[in-house]
Amino acid sequence: MGILYGRHILLGVTASVAAYKSCELARMLIKAGAVVRVVMTEHAAELVRPLLFETLTGNKVFMEMFPEMRDDPMEHIGLADWADLFLIAPATANFIGKAASGVADDLISTTFLTVDSPVIIAPAMNSRMWQDPSVQANIELLQERGVGIIGPGTGELACGTSGEGRLANLDTIFDAVVGILNKPGPLSGRKILISAGPTREFIDEVRFISNPSTGRMGFMLAGIASSWGAEVVLVHGPTHIEPPGFVRSIEVISAEEMATAVLNNAPDADIIIMAAAVSDWTLPRIDGKIKKKGRDFQKLELRPTKDILAELGKQKGTKILVGFAVETENMIENAREKMNRKNLDMIFVNNPREAGTTFGAATNAGYLITSREERKIPLMDKGELARIILKRLVDILSKTD
Ligand code: CTP
């Protein structure tokens, strides 16, 4: 029995070149047990023939607002009621614009307005279109209204250029669908704030101090927590890895921006996990590029950043706080000291000198420490580690309820 067994997924296809990928997406969803119906725009049907989707899904493709021989005169309402989830992949700038402004001039945009179920939009377009302020504003608006936005990814685009605008990875879209449809889970009703990735502290306009963190650990935690039903806010620094698209993400650059984003979202959270490798130091702002000659690099004025986790520890209340520590010596004692100093419930500590535990690796090993126990974690995939951490948090929550 597939993970999406019996779920009704309405797949909206609009006229991006990536439309051909929706065929594979439909196949993946069906293979996982879902029943898929496709609604497409007429332009999309010029790129991929509806017959292909009909063959793949075993269901009629819906396209026209006023078909001559109507099976169902209120097709858009019928489709909207039928759907457990409405997934529009690929979504063009045109569709996104219509969705954001309430224009309903074809079956897919009309269905968007009538649907009650969760909606996921996976944009695909030229990178300049994607970056256009109007598209960005529309995306923000849709996000605010609770629409899940997945991607876009970065890479080669159909127009021959490369950049941000590719349809997100199909696995990512699939995971988002699973994440949303598999609620409720062990973390349903819980709000979790997670930080991930590095921060950058600029020395001048073209150079910065950072670390090799990729955000992978925090992204795993965020993706799994969400698929376990939690409402997740993910605050992450700059990284080449795509965060899980179905999680609400806030991208920041500096430690100061991270502090603001985390502290602003903290009051609502039941659990806060600081997996980010926040810079301990920052520098005063310098305009332009420092020349090698004329200014002494050794006189860079490093100043401590705000310790976000310590700040959260001071206003802890009933929240559960989790920290990460990287220690090259006295791992357990140092981690315990950090846990007490920052008023934490749990800390994961690793030694980056051990094989498979360097920054950015897909694996990690170390100790998961609470006031009561020290659990040795052998080398494992970060996804597995995320599951262990979250499982432990579910146990702690069940005891505090
Ligand atoms: N952290 C934070 N804000 C900072 C620095 C770190 O919230 N400015 C968080 C990290 O996200 C991590 C934990 O604190 O969860 C680890 O902090 P770390 O830098 O190891 O601890 P420090 O108190 O700075 O101690 P050390 O002297 O070992 O650097």
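General observations
- Residue 254 satisfies every condition listed in (1) under 21 Å from residue 306 (Cα atoms); (2) within 14 Å of the chain's Cα centre (by Cα); (3) of a type in the set (S, T, N, Q) except (2).
- The residue list 340, 334, 330 contains one member that is on the phi > 0 side of the Ramachandran plot and either polar (S, T, N, Q) or exposed (fewer than 11 other Cβ atoms within 10 Å of the Cβ) (or both), which is 330.
- No other residue among 61, 39 is over 29 Å from the mean Cα position of the chain (by Cα), open to solvent by less than 20 Å² (accessible area, probe 1.4 Å) and aliphatic (A, V, I, L, M) apart from 61.
- When residues in the range 289-318 are screened for being more than 8 Å from the ligand (Cβ to nearest atom), open to solvent by less than 30 Å² (accessible area, probe 1.4 Å) and in contact (Cβ under 8 Å) with a residue 40 or more places away in the chain, 1 of them pass.
- Lone unmet requirement of (1) more than 12 Å from the ligand (Cβ to nearest atom); (2) without any contact (Cβ under 8 Å) to a residue 12 or more places away in the chain; (3) farther than 21 Å from residue 209 by Cβ for residue 330: (1)
- Candidate set: the range 257-287, residues that are among the β-branched types (Val, Ile, Thr) and touching a helix residue (DSSP H, G or I) at 6+ places or on another chain (Cβ under 7 Å); chosen: the one farthest from residue 309 (Cα to Cα): 282
- If you go through the range 82-127 and keep only what is touching a His at 6+ places or on another chain (Cβ under 6 Å) and small (Gly, Ala, Ser), you end up with just 83.
- The criterion of at least 3 residues that are modelled with pLDDT of 95 or more and of a type outside the set (Phe, Trp, Tyr) is met by the following strands (runs of 3 or more DSSP E) wholly inside the range 172-282: 191-196, 231-236, 271-274.
- Residue check, residue 264 within 15 Å of the ligand (Cβ to nearest atom), polar (S, T, N, Q), open to solvent by 40 Å² or more (accessible area, probe 1.4 Å) and without any contact (Cβ under 8 Å) to a residue 24 or more places away in the chain: yes
- Any chance residue 286 is β-branched (Val, Ile, Thr), surrounded by 14 or more Cβ atoms within 10 Å (Cβ to Cβ), under 18 Å from residue 217 (Cβ atoms) and more than 8 Å from the ligand (Cβ to nearest atom): no
The values are calculated or read from the model by the stated rules, or taken from the named source; none is laboratory data. What you see is a predicted model, and the numbers here were worked out from it, not measured in a lab. Positions of Cβ are backbone-derived with ideal geometry, glycine not excepted, and every protein chain shown enters the neighbour counts. The area values use the complete protein model at the heavy-atom level, side chains included, leaving out ligands, DNA and RNA. Shrake-Rupley method; radii C 1.70, N 1.55, O 1.52, S 1.80 Å.
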